[in-house]
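To keep things clear, I will list the structure first and then write my remarks on it.
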Amino acid sequence: MTERSLAPSRYAANQLERLRILLVEDDEGDAFLVRELLTEADAPFELTVASTLREARERLTGIECILLDLGLPDAEGIDGLRKLLAVAEGAAVCVLTGRSDEHLGMQAVAEGAQDYLVKGQVDGVLLVRSLRYAVERKRADENARRLREVELLQAESARLERGLLPQPLMQTAEVGVETFYRSGRALGLLGGDFFDVVQIGDDRLHVIVGDVCGHGVDEAALGVELRVAWRALVLAGVPEDQVLPSLEQVLMSERRAREVFATVAAAVIDLPANRATVRLAGHPPPVVLSGGRARPVAARTGIVLGVRPTPTPATELEFPGDDWSLLMYTDGLIEGHTGGAGTERLDVDGLCKLLDEPAAREVPLAGLPPWLVARADQDNGGPLTDDVAMLLISRGGGR
């Protein structure tokens, strides 16, 4: 029968990383004993000794674990522990004292120490094991703290981004407006797409949907700037044919690089006349839903904003009857593939076919934008990669 030793097993030195320890101890005899215990455990370590708290502060660089005696010339008891914890940064702190006081040990751990060890009651293996466990607990605590900070930062960013999305500025009950926004930016709520609705007087509704090229934070910020600038221009009474040229000036002065441009679809709806003036700057055309059919607006398209300042042509649109919807969207909605891995894009014609499906007619107007995105995701074989913004302006039955 093979006998099994009950003695604690020693550490395999080649399996453990070197432990960098700072011993804060003013008694040379106790410091010698600690070094002997560590050597006895046959574990790789680097031991630095400081006899005062002031000296310890100067030797913290690269230290993973601190062994602290509670009776120092310049720091006594729990107060000394607090002072050391305040400067220990990422190092684990273990109390090593001659005081066998359970209450004091609990207080030390409550203050932030990773362990409380009593001199004379630990051997080398137990000491090294306690120090390594303390280091791992400290790392776990630091990782949990960093994760919490990231979560709080993400929550704060989300609140900020939600606050930057506009609320339609309108009073009329003659038309309804449904909005939709989904960022293609990872972990972001706001992308380079933007939209807004502003009513001027009792009879005119100004609407815009735009797309700043790119998907980063800079593009998202520029999209917000352009939306706010557009709203300010409209509220200031700038003539309709001067709004987009003025917006282009803002784009060119605020963009981070000359190659950044934006596409825009803008419309001014004359409510009493039941008509609209549509301007497209490199943007896909709106779609009109009426009489059970969906058709793109046959609008003239100007060049994108930010390349070569050029007046954007206007197209007059007569709405058929009193039951219609005008769908304005960014190209993220129509650039997805059809048939999953296929190369064919949804495009404007595909969007109109989706809207003509019997299933689409059964969807309430308020749910139509998210339904369209869900269908585009499905046909794409996964989520669309670009930002998607939509405005659905409806009158009467809406279709």
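What list of ³J(HN,Hα) values in whole Hz, one per residue of region 275-281 in order, does the Karplus curve 6.51 cos²θ - 1.76 cosθ + 1.60 (θ = phi - 60°) give from phi, with Gly and Pro shown as x?
In residue order, the calculated couplings are 8, 8, 10, 10, 10, 10, 10 Hz.
Whose amide H sits under 5 Å from the amide H of residue 169, counting only residues 5 or more places off or on another chain, with H placed in the peptide plane?
Those lying under 5 Å, H to H, from residue 169 are 197, 198, 199.
With n ≥ 4 as the cut-off for DSSP H runs, can you work out [θ] at 222 nm for the chain, using -39500 (n - 2.57) per run divided by the number of residues, rounded to the nearest 500?
Working: 10 runs with 141 residues, N = 399.
Here the helix-only value at 222 nm equals -11500 deg cm²/dmol.
Let me know the charge dipole size of the chain about its Cα centre in debye, to the nearest 20, where only the beta-carbon of Lys, Arg (+1) and Asp, Glu (-1) is charged. Please list the in-between numbers first.
Details: 42 positive and 63 negative charges, 152 e Å.
With only Lys, Arg, Asp and Glu charged at Cβ, the dipole is about 740 debye.
Which FRET efficiency, nearest 0.05, do residue 140 and residue 33 yield, Cβ-Cβ r, R0 35 Å? Display every interim value, and only then the final one.
On the way: r = 30 Å, r/R0 = 0.85.
Efficiency, from the Cβ-Cβ distance: 0.70.
Take residue 55 and residue 171, extend 7 Å from each Cα along the Cα→Cβ direction, and tell me the distance between the two endpoints in nm.
Once both label points are built, they end up 8.0 nm from each other.
Whole-Hz ³J(HN,Hα) for each residue in region 288-302, computed from phi via Karplus 6.51 cos²θ - 1.76 cosθ + 1.60 with θ = phi - 60°, x for glycine and proline: what do you get?
Ordered by residue, 3J(HN,Hα) equals 9, 9, 6, x, x, 10, 10, 9, x, 6, 7, 9, 6, 10, x Hz.
When DSSP assigns beta bridges and you keep just the ones with both residues in the chain, what percent turn out antiparallel, to the nearest 5? It would help to have the intermediate numbers written out before the result.
Values: 54 of 75 bridges.
So the antiparallel bridges amount to about 70 percent of the total.
Counting C-alpha atoms alone, how compact is the chain: give Rg to one decimal and Dmax as a whole number, in angstrom.
Gyration radius and largest Cα-Cα distance of the chain: 34.1, 103 Å.
Just to verify a number: FRET efficiency for residue 121 and residue 47, C-beta to C-beta distance, R0 = 25 Å, to 0.05? Write out the running numbers ahead of the final one.
Working: r = 20 Å, r/R0 = 0.80.
Computed FRET efficiency for residue 121 and residue 47 comes out at 0.80.
As an exercise, use a Förster radius of 51 Å and the Cβ-Cβ distance of residue 40 and residue 246 to find the FRET efficiency, rounded to the nearest 0.05. Show your work: numbers first, answer last.
Numbers: r = 80 Å, r/R0 = 1.57.
The formula returns an efficiency of 0.05 here.
Taking H placed 1.01 Å from N in the peptide plane, check which residues at least 5 places from residue 184 or on another chain put their amide H under 5 Å from its amide H.
Excluding prolines and chain starts, which carry no amide H, the hits are 387, 388.
Give me the 1.4 Å probe accessible area per residue for the chain, excluding ligands and nucleic acids, in Å². Display every interim value, and only then the final one.
On the way: 19890 Å² over 399 residues.
It amounts to 50 Å² per residue over the chain.
Would you mind telling me the share, in percent, of accessible area of the chain contributed by carbon and sulfur at probe 1.4 angstrom? Spell out each step's value before the answer.
Numbers: 10190 of 19890 Å².
Summing carbon and sulfur atoms, their accessible area is 51 percent of the total for the chain.
Please list, ordered by chain and number, the residues whose modelled amide H lies under 5 Å from the amide H of residue 397; skip anything fewer than 5 residues away on the same chain.
Under 5 Å from the amide H of residue 397 lie the amide H atoms of 324, each far enough along the sequence or on another chain.
Could you check the spin-label model distance between residue 148 and residue 322? Points 7 Å from the Cα along Cα→Cβ, value in nm.
About 6.1 nm, to one decimal.
Quick one: Karplus J couplings for region 260-266, per residue in order, coefficients 6.51, -1.76, 1.60, θ = phi - 60°, nearest Hz, x for Gly and Pro?
Karplus-based 3J(HN,Hα) across region 260-266 equals 6, 9, 9, 9, 9, 10, 10 Hz.
Under a Cβ-Cβ cut-off of 14 Å, what is the net charge of the residues other than residue 245 that fall near it, where Lys and Arg count +1 and Asp and Glu count -1?
On the way: positive: 279, 308; negative: 240, 241, 248.
Around residue 245, the charge tally is -1.
Within region 105-148, find all residues whose amide N lies under 15 Å from a label point positioned 7 Å from the Cα of residue 76 along Cα-to-beta-carbon.
Flagged as within label range: none.
Assuming 0.692 mPa s and 37 °C, estimate D for region 288-379 with Stokes-Einstein, Rh taken as the Kirkwood radius over Cα pairs, in µm²/s. Display every interim value, and only then the final one.
Numbers: Rh = 15.0 Å.
After rounding, the answer is 219 µm²/s.
What is the sum of charges around residue 20, taking Lys and Arg as +1, Asp and Glu as -1, for the other residues whose C-beta is under 10 Å from the C-beta of residue 20?
On the way: positive: 18; negative: 17, 46, 64.
Its environment carries a net charge of -2.
What shape does region 42-149 take by its C-alpha gyration tensor, where a ≥ b ≥ c are the square roots of the eigenvalues and a/c under 1.5 counts as rounded, a/b above b/c as prolate, and the rest as oblate? Show your work: numbers first, answer last.
Working: a/c = 1.24, a/b = 1.14, b/c = 1.08.
Rounded, since a/c falls under 1.5.
Could you give the length gained by full extension between residue 343 and residue 236, i.e. 0.36 nm per residue of separation minus their alpha carbon distance, to one decimal place?
Values: separation 107, 0.36 × 107 = 38.52 nm, distance 4.55 nm.
Roughly 34.0 nm would be gained on extension.
The values are calculated or read from the model by the stated rules, or taken from the named source; none is laboratory data. In this text, all values refer to a predicted model and were calculated from it rather than measured experimentally. Neighbour counts are summed over all protein chains in view; Cβ atoms, including those assigned to glycine, are modelled from backbone coordinates with ideal geometry. When the accessible area is computed, the model is the full protein with side chains, heavy atoms only, and any ligands, DNA or RNA have been set aside. Shrake-Rupley method; radii C 1.70, N 1.55, O 1.52, S 1.80 Å.
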